[in-house]
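**Q** My questions all concern the structure below.
The values are calculated or read from the model by the stated rules, or taken from the named source; none is laboratory data. Here the structure is a predicted model, which is why all the values come from computation and not from measurement. Cβ placement follows ideal geometry from the backbone for every residue including glycine, while neighbour counts extend to all protein chains displayed.
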Amino acid sequence: MPDFSPRDNKLALKVVFYGPALSGKTTNLMQLHSLLNPERKGELMVLETRDDRTLFFDMLPIGLRGSSGLDLRLKLYTVPGQVQHDSTRKAVLSRADGVVFVADSQANQQENNATAFGNLEENLEKVGLDIDTLPMVVQFNKRDLPGVVEENELQERWAQTPWSPLVMATALHGDGVIDTFRILLDRLYAAADAEFRLEADHDISRQQFVERLSRNSENEAPRAEF
Amino acid sequence: MLNFEDDPTLADLLNSDQLVRLNDCLAALCTEPVTLGSTRPDTHAIPVEFNLETVAWLSGGRDDQERQAAAGLVSFLMMFIAKYRLAANLHHDTTEASYAELQRQNEALRASEARYRELSDQLQQRVDEQVGVIHKTQQALYESARLRSVGQLAAGVAHEINNPIGFISSNLRVARDYVKEMQTMLPDTSDNQELATDFTDLLNESIEGAGRIADIVSDLKTFSSIDQADYTRCNINALLTSAIHLVQTEYDHQLHIMEQPSELPDISGHPSRLSQTFFNLLDNAAQAIRSEENSRDNGRILVKTLEQDGAIQVIIQDNGCGIPEANRSRVFDAFYSSRPVGSGTGLGLTVAQDTVRAHGGRLQLHSREDTGTRVTLTLPIN
């Protein structure tokens, strides 16, 4: 659920990076931290543990101010992918406004992807969210590795789902990370605008929302089409 | 409760002792003392931001530059404090959620255990009940086997007795005739007359006794189905009429029997056994109204037949002495009789019930002491 406090004119939206263990969720977030240059950007909170595995979560806050003075914040979270941290995943997932599902493109990881996706479905239901209406993007990461499943095959496999087309990424090199994020922002805007009248009350259009929150440090032209 | 993802306030991040210590450290670094507080004390104070949120205001210091430097240091420190807080709060949340989940599972487990315990108890109870039924059935089986052997024995005995009792009866009658003839030949003294009369009485009693033995043998033969003939089509009303005649003969036509027959279809049955059954029931009724000596003339027997629900009903009802409740459960037992020894075999109702069952029907008996007895025979039409 979005967290809106009218007194402070503050709206906080929550985006969760979900996916199987070692699929690159934290890498996505670290790339966003270094590539994004939005109006307001907080510290990347990485709770490091041994072996670079996420134990709790990572968090990156970014934000912008609307002409009405609206303090709009986006908190980006990752969840621990390892199976045993399910209760942490559930706690982080609760009240999410959007989800980025980071899948592993390697052929031998497809089963893990499916398991994690099933887990996402299950946990969303448990925290009272509906996977069919929640703004969500599915990213297939690690495209640079040998032995990945062909993009055509993946796109075809997901063609009948609401999350088609998939986004291909190599988060380690920053490829596709911002594209993924922009598609998510676009879908998130529809939901947030419907509830909080971003355009009508705060003069924040869809394009502004996406552009201002995904402003790129290298100023490269956005590749994703809307 | 504070959610782990809520933005922390200064008090969440540092307790008052820690805040004092931090202020001391900052004051030692700066040329003028600086103060960190959650509210803005003056216009010179500058915000300390953490994750887009102003968590504190920094005031004091020599100039803006010093305040900026101190604020930067505090922000840097805040990040690590907040990190720890986030992890600790999340850990707390998830642990609590896990514990709640465990408790739920424990509760469910407990409920399921209770259910299984109950089931197991019920199962034990059922097993006990079934064992009881098996015991009862075994007992009944044993009883019926015993009765069958008694019946076979009785049938054998009856068969063996039938011939001798035949010639004893006939010889006794011939002997009585002889005594009558001899009586005329004897010198007519009072002693002789008395002797001859006594002799005749003795023979009469013996004839009567032999007759009773013949009756018992006949009952036993019916009971043990010795002369079992094939089933034929029976007219129940006709059988009843002849049974009524037999009983009237037995009681010198003194019985008040009302007949209310309805039109009935013929049914498949064993005529002699059905006749015997009707006779036994009528005989019982006659005995019941006769034993009530004072109201002897009021005794009535009602015989009624009707067709109902694809079956024939025969009702034989009397207003006699009835059956005492204590005896009611035993009336169908073989060889049970309430009559004086020698006047009944105790097989009448037993034979009746067996016969009705063999015809796929049932026999119901309603009785109240001093009011009367009603026997209802239900025979299927087939």
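**Q** From the list B:120, B:144, B:75, pick out the single residue that is closer than 30 Å to residue B:43 by Cα and either within 47 Å of the chain's Cα centre (by Cα) or within 14 Å of chain A (Cβ to nearest Cβ) (or both). So that I can check it myself, show each step before the final result.
**A** Working: B:120 fails: closer than 30 Å to residue B:43 by Cα; B:144 fails: closer than 30 Å to residue B:43 by Cα.
When all the criteria are applied, what remains is B:75.
**Q** Also: Can you say whether residue B:93 is of a type in the set (Asp, Glu) and surrounded by 13 or more Cβ atoms within 10 Å (Cβ to Cβ), as far as the supplied structure shows? Steps first, please.
**A** Numbers: of a type in the set (Asp, Glu): yes; surrounded by 13 or more Cβ atoms within 10 Å (Cβ to Cβ): yes.
So residue B:93 fits the description; yes.
**Q** Moving on to the next point. Being polar (S, T, N, Q) and surrounded by fewer than 12 Cβ atoms within 10 Å (Cβ to Cβ) is the filter here; which residues of segment A:144-160 pass it?
**A** Hits for segment A:144-160 are A:152, A:160.
**Q** Give the residues of segment B:349-382 that are hydroxyl-bearing (Ser, Thr, Tyr), within 16 Å of residue B:331 (Cβ to Cβ) and part of a strand (DSSP E or B), sorted by residue number.
**A** Of everything in segment B:349-382, those that are hydroxyl-bearing (Ser, Thr, Tyr), within 16 Å of residue B:331 (Cβ to Cβ) and part of a strand (DSSP E or B) turn out to be B:367, B:373, B:376.
**Q** Identify all residues within segment A:111-131 that are in a loop (DSSP other than H, G, I, E, B), among the aliphatic types (A, V, I, L, M) and farther than 18 Å from residue A:187 by Cβ; write none if there are none. Please lay out each step first, then the result.
**A** From segment A:111-131, those in a loop (DSSP other than H, G, I, E, B) are A:127-131; that's our starting set.
Subsequent filtering for residues that are among the aliphatic types (A, V, I, L, M) retains A:127, A:129, A:131.
Hit for segment A:111-131 is A:127, nothing else.
**Q** Counting only residues that are surrounded by fewer than 22 Cβ atoms within 10 Å (Cβ to Cβ) and in a loop (DSSP other than H, G, I, E, B), how many does segment A:1-29 have?
**A** Counting residues in segment A:1-29 that are surrounded by fewer than 22 Cβ atoms within 10 Å (Cβ to Cβ) and in a loop (DSSP other than H, G, I, E, B) gives 8.
**Q** Looking at (1) crowded, with 21+ Cβ neighbours inside 10 Å; (2) within 26 Å of residue A:37 (Cα to Cα); (3) at pLDDT below 95, find the lone condition where residue A:91 falls short.
**A** Exception for residue A:91: condition (2).
**Q** Can you find even one residue in segment B:10-19 that is modelled with pLDDT under 90 and among the charged types (D, E, K, R)?
**A** Checked segment B:10-19: at least one residue is modelled with pLDDT under 90 and among the charged types (D, E, K, R).
**Q** Still on this structure, I have one more. So, in segment A:48-96, of the ones that are assigned to a loop (DSSP other than H, G, I, E, B), under 24 Å from residue A:128 (Cβ atoms) and within 10 Å of another protein chain (Cβ to nearest Cβ), which residue ends up farthest from the chain's Cα centre (by Cα)?
**A** A:56
**Q** Would you mind telling me which numbered condition in (1) in contact (Cβ under 8 Å) with a residue 40 or more places away in the chain; (2) surrounded by 22 or more Cβ atoms within 10 Å (Cβ to Cβ); (3) within 12 Å of chain B (Cβ to nearest Cβ) residue A:32 fails?
**A** Among (1) in contact (Cβ under 8 Å) with a residue 40 or more places away in the chain; (2) surrounded by 22 or more Cβ atoms within 10 Å (Cβ to Cβ); (3) within 12 Å of chain B (Cβ to nearest Cβ), residue A:32 violates only (3).
**Q** Is one or more of the residues making up segment B:136-147 at negative phi and surrounded by 13 or more Cβ atoms within 10 Å (Cβ to Cβ)? Quick ask: steps written out before the conclusion?
**A** We begin by selecting, within segment B:136-147, every residue at negative phi; these are B:136-147.
Going one step further and asking which of them are surrounded by 13 or more Cβ atoms within 10 Å (Cβ to Cβ), we end up with B:147.
Checked segment B:136-147: at least one residue is at negative phi and surrounded by 13 or more Cβ atoms within 10 Å (Cβ to Cβ).
**Q** Can you name the residue in segment B:346-382 that is crowded, with 22+ Cβ neighbours inside 10 Å and polar (S, T, N, Q) and is also modelled with the highest pLDDT among such residues?
**A** Here the residue is B:373.
**Q** Taking segment A:97-123 only, how many residues are more than 14 Å from chain B (Cβ to nearest Cβ), within 17 Å of the chain's Cα centre (by Cα) and of a type in the set (D, E, K, R)?
**A** 2
**Q** Something else now. For residue A:130, all conditions in the list (1) in contact with a Phe, Trp or Tyr (Cβ under 7 Å, 6 or more places away or on another chain); (2) closer than 19 Å to residue A:89 by Cα hold save one; what is the number of the exception?
**A** (1)
**Q** Restricting to segment A:109-138, name every residue that is surrounded by 20 or more Cβ atoms within 10 Å (Cβ to Cβ) and touching a residue at least 40 places away in the same chain (Cβ under 8 Å).
**A** Once the filter is applied, which keeps residues that are surrounded by 20 or more Cβ atoms within 10 Å (Cβ to Cβ) and touching a residue at least 40 places away in the same chain (Cβ under 8 Å), segment A:109-138 yields A:109, A:113, A:116, A:120, A:135, A:136, A:137.
**Q** Of all residues in segment B:252-284, which are over 16 Å from residue B:381 (Cβ atoms) and polar (S, T, N, Q)?
**A** Passing the criteria: B:254, B:260, B:272, B:275, B:276, B:277, B:280, B:284.
**Q** In segment B:227-332, which helices (runs of 4 or more DSSP H) lie fully inside it and hold 1 or more residues that are over 34 Å from the mean Cα position of the chain (by Cα)? Break it down stepwise before answering.
**A** Working: elements: B:236-250, B:271-290, B:325-328.
In segment B:227-332, the matching helices (runs of 4 or more DSSP H) lie at B:236-250, B:271-290.
**Q** Look through segment B:83-101, keep the residues that are closer than 20 Å to residue B:49 by Cα and more than 7 Å from chain A (Cβ to nearest Cβ), and return whichever of them is farthest from the chain's Cα centre (by Cα).
**A** Restricting to residues being closer than 20 Å to residue B:49 by Cα and more than 7 Å from chain A (Cβ to nearest Cβ), the top hit is B:84.
**Q** Being outside any strand (DSSP E or B), within 14 Å of chain A (Cβ to nearest Cβ) and closer than 20 Å to residue A:63 by Cβ narrows it down to one residue among B:47, B:8; which is it?
**A** Numbers: B:47 fails: outside any strand (DSSP E or B).
Exactly one residue qualifies, and that residue is B:8.
**Q** Of the residues B:58, B:109, which is surrounded by fewer than 15 Cβ atoms within 10 Å (Cβ to Cβ), more than 13 Å from chain A (Cβ to nearest Cβ) and farther than 28 Å from residue A:57 by Cα? Show your work before the answer.
**A** Values: B:58 fails: surrounded by fewer than 15 Cβ atoms within 10 Å (Cβ to Cβ).
Every option except B:109 fails the conditions.
**Q** Spot the failing condition for residue B:291; the list is (1) in contact with a strand residue (DSSP E or B) (Cβ under 6 Å, 6 or more places away or on another chain); (2) modelled with pLDDT under 80, and only one is missed.
**A** (1)
**Q** Checking residue B:157 against (1) of a type in the set (A, V, I, L, M, F, W, C); (2) farther than 30 Å from residue B:355 by Cβ; (3) touching a residue at least 40 places away in the same chain (Cβ under 8 Å), only one condition comes out false. Which one?
**A** (2)
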